[in-house]
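Here the structure comes first, spelled out in C-alpha cells, and everything after it is commentary.
The values are calculated or read from the model by the stated rules, or taken from the named source; none is laboratory data. Bear in mind the structure is a predicted one, so any value in this text is a computation, not a measurement. Cβ coordinates were reconstructed from backbone atoms using ideal geometry, including for glycine residues, and neighbour counts include every protein chain displayed.
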Amino acid sequence: MSGYQDLFIEQGSTYYETITLNDSYGNPYNLNGFLVASQAKASYYSANATITFVAAVTDANNGIITLSANSAVTSNIITPPTTLLYDVLLKDSSNNITRVLEGRVFIDKAVTTITHF
C-alpha cells in the first residue's frame, strides 16, 4: 500500500517539494536504479494531467525524491477545482512499476498574474 501525503501549491509560484519515501517499517527506500514519475489530475477519471511534475530521485540511498513545477505550470492551473489528486510511481531496472505515494494537491489561488513582472 502506498503512503499518503497532501501537497500545497500556490498558483503562479514555483513549486518544489522534497519527500522522503519510507517502507512500512519506517526505513527509507533504497532508490538506486529507480526512476520516478508524478502527475496531478482533477479526478481519477480525468484523461489529461493538470500538472506533470518534474520528478527526480535526489538522494537514492536515503529514499529522497523531489517534485517540482515552475511558475508557468502553476499559473496555468485552472480552478475550480482547487483540489487535485496526485500519485508518485517508481520504476525499477526490471520495468516494475509501484505506486509509493498518493494524496491531494490543494491549490491556493493567486491574485497577481505572472504577466505583471
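Can you pull out the residues in the range 1-46 that are touching a residue at least 60 places away in the same chain (Cβ under 8 Å) and charged (D, E, K, R)? Those that are touching a residue at least 60 places away in the same chain (Cβ under 8 Å) and charged (D, E, K, R): Asp6, Glu10.
Restricted to the range 45-62, and to residues there that are out of contact with any Ser or Thr (no Cβ under 8 Å at 6 or more places or on another chain) and surrounded by 15 or more Cβ atoms within 10 Å (Cβ to Cβ), the residue that is nearest to Thr14 (Cα to Cα) is Thr50. When you look at Leu31, is it modelled with pLDDT of 95 or more and touching a helix residue (DSSP H, G or I) at 6+ places or on another chain (Cβ under 8 Å), yes or no? Against the criterion (modelled with pLDDT of 95 or more and touching a helix residue (DSSP H, G or I) at 6+ places or on another chain (Cβ under 8 Å)), Leu31 qualifies. On inspection, Ser43 fails the criterion of being on the phi < 0 side of the Ramachandran plot and in contact with a helix residue (DSSP H, G or I) (Cβ under 9 Å, 6 or more places away or on another chain). Here is a check on your reading of the model: is Ile65 surrounded by 13 or more Cβ atoms within 10 Å (Cβ to Cβ) and either over 25 Å from Thr113 (Cβ atoms) or under 10 Å from the mean Cα position of the chain (by Cα) (or both)? In short, yes. Within the range 75-88, take every residue that is modelled with pLDDT of 95 or more and crowded, with 18+ Cβ neighbours inside 10 Å and give me the one that is farthest from Ala60 (Cα to Cα). If we take residues in the range 75-88 being modelled with pLDDT of 95 or more and crowded, with 18+ Cβ neighbours inside 10 Å, then Leu84 is farthest from Ala60 (Cα to Cα). Across the range 95-111, which residue is nearest to the chain's Cα centre (by Cα) among those that are modelled with pLDDT under 95 and not in a strand (DSSP E or B)? So the residue we want is Lys109.
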